[in-house]
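Single-structure report; data block below.
The values are calculated or read from the model by the stated rules, or taken from the named source; none is laboratory data. Nothing here was measured: the structure is a model prediction, and the numbers come from that model. Note: ideal-geometry Cβ built from the backbone for every residue, glycine included; neighbour counts use all protein chains shown.
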Amino acid sequence: MIRFRRDRGESSRSGFSLVELMVVLALIGVTAGVGAVYIGSNETELRKFTRNIRFDLERAKQEAVSRKDTIHVDLSYDPPTIDCDEDGTITGKDQCYVVYEDLNGDGQYTPASNEKIKIETASSTIRFINEEGAGGLAFLFTPTGESLAKEVEIKAAVPTQEDCCPSRCMAVSYPLSISHVGRIQIGDKKMGCQGEPDDSCLDSSYCYM
């Protein structure tokens with residue numbers, strides 16, 4: 001009996017209690033979830049921005065019909081072309097889109113010669129990437145509600161802790177399409193760490209300026 005008790009005591013001291021195991025598993029879960037939370041909060045801002053673009057494109061189409069004039073929607077990023085915060089200078093932080101009536105017909109937004117309908121500024125936590133041409137993306141709607149057919153991606157650089165991106169910087173995007181009759185559609189989200197090799201990982205300069 002004495003030896004049996006001693007063996008049990010030694011065995012008990014060499015193992016882990018249920019509480020200790022629960023603490024270890026909780027720490028592992030928290031560590032693994034940091035990257036997901038980090039990218040999740042920034043990706044939420046991108047999703048919100050994309051949803052607002054879709055809503056305001058629909059509004060631009062309605063404004064074009066009601067005003068019987070061409071309404072433009074210009075996205076300014078990479079590099080910015082619009083003074084989004086209207087502080088008198090254009091910097092890398094001026095990432096936005098503007099809805100305006102093109103009063104002088106030159107197809108370019110200038111506050112002095114166009115009527116601004118709305119400016120929507122992007123969150124400072126993400127950096128937008130334009131692969132459609134320097135300056136930004138431009139859409140328009142005619143007085144009949146028609147548009148120029150276009151397919152683009154609203155793409156942003158988002159910091160991440162995913163191991164598949166050594167740079168800790170990943171591209172996340174939403175495809176956006178407009179048909180010639182003015183039909184607007186937003187596709188499913190695209191993000192990194194889904195291919196081998198992964199071409200959606202970006203240089204760290206896009207995320208950490």
Among strands (runs of 3 or more DSSP E) completely within region 92-167, the ones holding 2 or more residues that are surrounded by 14 or more Cβ atoms within 10 Å (Cβ to Cβ) and either of a type in the set (A, V, I, L, M) or over 13 Å from the mean Cα position of the chain (by Cα) (or both) are 96-101, 115-121, 136-141, 150-159
Against the definition (in a helix (DSSP H, G or I), among the aliphatic types (A, V, I, L, M) and modelled with pLDDT under 85), how does residue 30 come out, yes or no? yes
Could you check, for region 92-109, whether at least one of its residues is under 21 Å from residue 206 (Cβ atoms), in contact (Cβ under 8 Å) with a residue 24 or more places away in the chain and in contact with a Leu (Cβ under 6 Å, 6 or more places away or on another chain)? yes
Filtering region 61-81 down to residues that are assigned to a helix (DSSP H, G or I) and of a type in the set (Gly, Ala, Ser) yields 64, 66
